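Peer 1: Next up is a structure, given as structure tokens.
The values are calculated or read from the model by the stated rules, or taken from the named source; none is laboratory data. Since the model is a prediction, treat every value here as computed from it, not as a measurement. Every residue, glycine as well, gets a Cβ built from its backbone with ideal geometry; the counts of neighbours run over all protein chains shown. The area values use the complete protein model at the heavy-atom level, side chains included, leaving out ligands, DNA and RNA. Shrake-Rupley method; radii C 1.70, N 1.55, O 1.52, S 1.80 Å.
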Amino acid sequence: MWVRRGSLGVIAAVLLAFSSADAAHAQFTSGTGLAFLDNLFTGTLSKASPPMGQPGGSTQIQSPPAATNAPLPWSGEDGASGHPLMTASAIREAAANFDNCVASMWPDAARRNISQASFQRFTAGLTPDLRIMDLMDSQPEFTKSIWDYLDILVNDNRLARGREILAQYKPQFDAVERAFGVDRYIIAAIWGIESNYSTQIGDRSVLQSTATLACIGRRQNYFKDEFLSALEILHHGDLRPEQMRGSWAGAFGPTQFMPTAFKRYAVDADGDGRRDVVDDPADLIASTANNLKKDGWRAGESWGYEVVLPPTFNYMLADRAKAMTIAQWEQLGLMRATRQAFPNPSEKAYLLAPAGVQGPAFLMLQNFRVIMKYNPAEAYALAIGHFADRLRGGAPFVQSWPRQERELSRAERLELQQLLAQRGFYRGVPDGQFGGLTREALRSFQASIGTPADGFASSRVLDRLRGQ
Ligand SMILES: [Ca+2]
């Protein structure tokens, strides 16, 4: 299941460009999202960041300021996915049945030991938020390059705030590193990148969003579990309804837990009886660490290394399925970009070259795969890993990105897939969304014309395809 984070309109497509698969996952790789980027693209980023806590050392995280923009109404149009449950008439019909749909979930709620009083209290007055249907099927024309994306996420202001957070909550980070063996800088990076340190979380009610998605649209079964899990959290008293606000897909809190993820990973670190991953830094830091630990985090190891490739490198090896030991990579001529020695030559790693021959390459370790479980997009995981290294005092990447390259438009991405399909290289359904299948098809085409098979979708590759 690839819905980990809340999904957020434009950024979903940004991340799609770097996700690891085509159609099968693309449906909900667009479940990937970062609350603050939602704000960024809807123009509410400029609000001032509130102070994270009181100077005297209060452990309360302040709530983000209320959004001043009125919510946009539903477009009333058919969804772009073409799914039968996303047509305007299907959406209207499901919306008219919303109250019955919510009420029909009572037996499932009872099986989860939610009391009737809680069910009635938390579902009273619930209405659907149909704008979510537009966001769910959003297919933006333009996406960002990985370097633009990294520039937005890894910047001096956010790093400075991260260092303040690490100092302010040092006792909590110390305790969590001891208890879970998860690097504090990774947790601080997730906190910073998911919500810009609690200042950009999203302001939709999780209960309303998940109820809407459980009763309307193309992912009802998935979101029924999220909705019922949200009710469980409220019934148990871990969080209050007003704390459970976030992205349209139901992720909430500074590190963007989905309700089901909360159930798997949330812990009560300060022992007050509530797992408060929204306003209690001890619970937030410990729960995020527990999430990474349960997903396979290896204590004391990095996420990966920037590497320099030899001049005539076979880019077909840059593949998540082709992991080798660091020693084997060294035999192929790879070196760390910093020229330092690799700490552990027996570690297994795979090679990621997001911009192909023109950009930096990275050897990715087990912990990178764990970050990808948190949010299944390579650009996201790379941003988290790099942000953590910078918080630790590390330097920017050594190699530069091909900033002269422009991103292909949606129409061009579609055309590129269609041309690759016509030539027998692409076996997926052309949909303008790039993933592993597109990358493989591009590599095969590049190899067939004698250029480095790096799978990078440049405008030159599209020109070559058009010209054939
Ligand atoms: Ca607690």
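Peer 1: What accessible area, in Å² to the nearest ten, does a 1.4 Å probe give for Thr325?
Peer 2: My reading of the accessible area for Thr325 is about 40 Å².
Peer 1: Could you give me the ³J(HN,Hα) list for the range 116-121, computed from phi with Karplus coefficients 6.51, -1.76, 1.60 and θ = phi - 60°, whole Hz, x at Gly and Pro?
Peer 2: 5, 4, 5, 4, 5, 5
Peer 1: So what are the ³J(HN,Hα) numbers for the range 90-100, from phi and the Karplus equation (6.51, -1.76, 1.60; θ = phi - 60°), rounded to whole Hz, Gly and Pro as x?
Peer 2: Working through the residues one at a time gives 5, 5, 4, 5, 5, 5, 5, 9, 4, 4, 4 Hz.
Peer 1: Each residue of the range 179-190 in turn: what ³J(HN,Hα) in whole Hz from Karplus with 6.51, -1.76, 1.60 and θ = phi - 60°, glycine and Pro shown as x?
Peer 2: 6, 10, x, 10, 3, 4, 5, 5, 5, 5, 5, 4
Peer 1: Let me ask something else about it. Suppose accessible area is computed on protein heavy atoms with a 1.4 Å probe; arrange Glu412, Glu301, Glu440 from highest to lowest.
Peer 2: Glu440, Glu301, Glu412
Peer 1: Taking Cα pairs under 8 Å and at least six residues apart, what relative contact order does the range 311-468 come out at, in percent?
Peer 2: This gives 20 percent for the range 311-468.
Peer 1: Cut-off under 17 Å on the C-alpha distance; same-chain residues fewer than 8 positions from Lys322 excluded. Which aspartates and glutamates are left, in chain and number order?
Peer 2: By straight Cα distance, Lys322 reaches Glu330, Glu347, Glu378, Glu440, Asp454.
Peer 1: Let me ask another. On average, how much accessible surface per residue is there in the range 141-194, in Å², for a 1.4 Å probe, leaving out ligands, DNA and RNA?
Peer 2: 39 Å²
Peer 1: Find how much the distance from Thr338 to Gln220 grows on full extension, using 0.36 nm per residue of separation minus their present alpha carbon separation; answer in nm with one decimal.
Peer 2: Extra length available between Thr338 and Gln220 comes to 37.6 nm.
Peer 1: Keeping all protein chains in the complex and leaving out DNA, RNA and ligands, what accessible area do you get for Arg339 with a 1.4 Å probe, in Å² to the nearest 10?
Peer 2: Surface open to solvent at Arg339 totals about 150 Å².
Peer 1: Further, regarding this structure: Based on Cβ point charges of +1 for Lys and Arg and -1 for Asp and Glu, what charge dipole magnitude is obtained for the range 157-211 about its Cα centre, in debye rounded to the nearest 20?
Peer 2: The dipole magnitude comes to about 100 debye.
Peer 1: To the nearest 0.05, how large is the calculated FRET efficiency for Ser400 and Gln422 if R₀ is 45 Å and r is the Cβ-Cβ distance?
Peer 2: With R0 = 45 Å, the Cβ-Cβ based efficiency is 0.85.
Peer 1: Still on this structure: Need one value: the accessible area of Leu72 in square angstrom, 1.4 angstrom probe, rounded to the nearest 10.
Peer 2: 110 Å²
Peer 1: Tell me, what is the percent relative contact order of the range 275-391, built from C-alpha pairs under 8 Å that lie six or more residues apart?
Peer 2: Worked out over the range 275-391, it gives 29 percent.
Peer 1: For the range 171-237, give the percent of accessible area contributed by carbon and sulfur heavy atoms, probe 1.4 Å, rounded to a whole number.
Peer 2: 43 percent
Peer 1: Out of residues 5 or more away from Ala337 or on other chains, whose amide H comes under 5 Å of its own, with H placed 1.01 Å from N in the peptide plane?
Peer 2: Glu306, Val307, Val308
Peer 1: What's the center-to-center distance, using Cα atoms, between the range 208-270 and the range 321-343 in Å?
Peer 2: 41 Å
Peer 1: Calculate, for Arg320 and Asp174, the FRET efficiency according to 1/(1 + (r/R0)^6) with r their C-beta to C-beta distance and R0 30 Å; round to the nearest 0.05.
Peer 2: Using R0 = 30 Å, I get an efficiency of 0.30.
Peer 1: Something else about it: Taking a threshold of 22 Å on the Cα-Cα distance, which of the pairs Lys263/Lys294; Lys144/Lys224; Lys170/Lys348; Lys170/Lys263 fall above it?
Peer 2: Flagged as over cut-off: Lys144/Lys224; Lys170/Lys348; Lys170/Lys263.
Peer 1: When only alpha-carbon atoms are used, what values of Rg and Dmax, in angstrom, describe the range 222-284?
Peer 2: For the range 222-284, the Cα radius of gyration and maximum Cα-Cα distance read 10.6, 32 Å.
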